Amino acid sequence: MISKTTATDLTARPYVKWAGGKSQLLPQFQLCYPPELASGQITRYVEPFVGSGAVLFDVASRFALSDLIVIDRNPRLMLTYEVIQSDVEALIARLEALQAQYWAADQEVRHALYYEMREAYNRRQASDVEQAAQFIFLNRTCFNGLYRVNRRGNFNVPMGRYRRPRIADADNLRRVHEVLQQVTLRVGDYRLATDFIDARTFVYCDPPYRPLTRTASFTAYSDELFTDQNQTELAAFARASSRAGARVMLSNSDPRNIDPADDFFDRLYHDFTISRLPARRSINSRSDRRGPVHELVITSYPLASAESAGEKQCASEASRS
């Protein structure tokens, strides 16, 4: 079943770069979605760590759903979603002006503009539209598209070096706006999702990843870290959601990429279905470290018999005890 959001052949896609974003994995993820989505038995989608929204936009374009609820604890990210939902044309106009200014500038002027924008963003005193424009501008022009903050909550990523970064993608922002007319937005902890979860719900959780190395910093999406204790608490939330009748799917980094003996998630989700998908890290300071790795997809439901489909195959490794 296809929803009304597919009146156009152009599907909305993430409007920001995001460490751990799922765009590249969507073909594999589609084979891991619960079959009740296609049959119409699931009518609600809940995503408690929405990030860039790649899975949200994919699910919204492919299935008929009456409710879509997304949550994230990053207030600046969610403010940007809210502005796109309610005032996208004003945002586009501001981004187009920033893009024209940035493209026309030499490197010295670009450097000054970037750090002035970063300082203004951290002051948090501008209008909602301006703060959303700052968020997208910094995401598109900073080093490797990272979103990282210090313990005071201030964005501290240095400037990147791009010749003509696409700061104003008006067509996609309008498509995102159309999708968001169906979406309920909430700022806060993933547990806010509890009130929305029942037997007709598909819950997808993409928490801050467990670092693959001791020096990895991709968990710093906010001024709080997501520890192993947090991962354990999230597993309890996933089980409670499953007991409520929901279909639950989670993703995370595979610690076995670094240490084959690290079975943290295999033990944590011993009663779920664990799948390892090939992926390529797109955000790393060294290009020679952007090679293939495995990422985990963990589901509360069994997957259909695996059929060979090259890298699109969602080869299930059920680890039950």
*Alpha-carbon radius of gyration plus Dmax, which is the widest Cα pair, for segment 77-171 in Å*: 12.6, 36
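Looking at segment 155-209, which trypsin sites (Lys or Arg not before Pro) are in a loop (DSSP not H, G, I, E or B) and have at most 15 other Cβ atoms within 10 Å?
Values: sites: Arg161, Arg163, Arg166, Arg174, Arg175, Arg186, Arg191, Arg200; in loops: Arg161, Arg163, Arg166, Arg200.
Here the sparse-neighbourhood loop sites are Arg161, Arg163, Arg166.
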*Ala105 versus Arg123, label points 7 Å from Cα toward the beta carbon: distance in nm?*
1.5 nm
*Hey, any idea what Rg/Rh is for segment 1-140, computing Rh the Kirkwood way over Cα pairs?*
1.04
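Could you sort 115-128, 230-243 so that the peptide with the highest average Cβ count within 10 Å comes first and the rest follow in order? Could the numbers behind the result be given before it?
Numbers: 115-128: 14.1, 230-243: 16.6.
Peptide ranking by packing, descending: 230-243, 115-128.
Coordinate-derived values only; no laboratory data. Computed from a predicted structure; not experimentally measured. Virtual Cβ from ideal backbone geometry, glycine too; neighbours counted across all protein chains shown.
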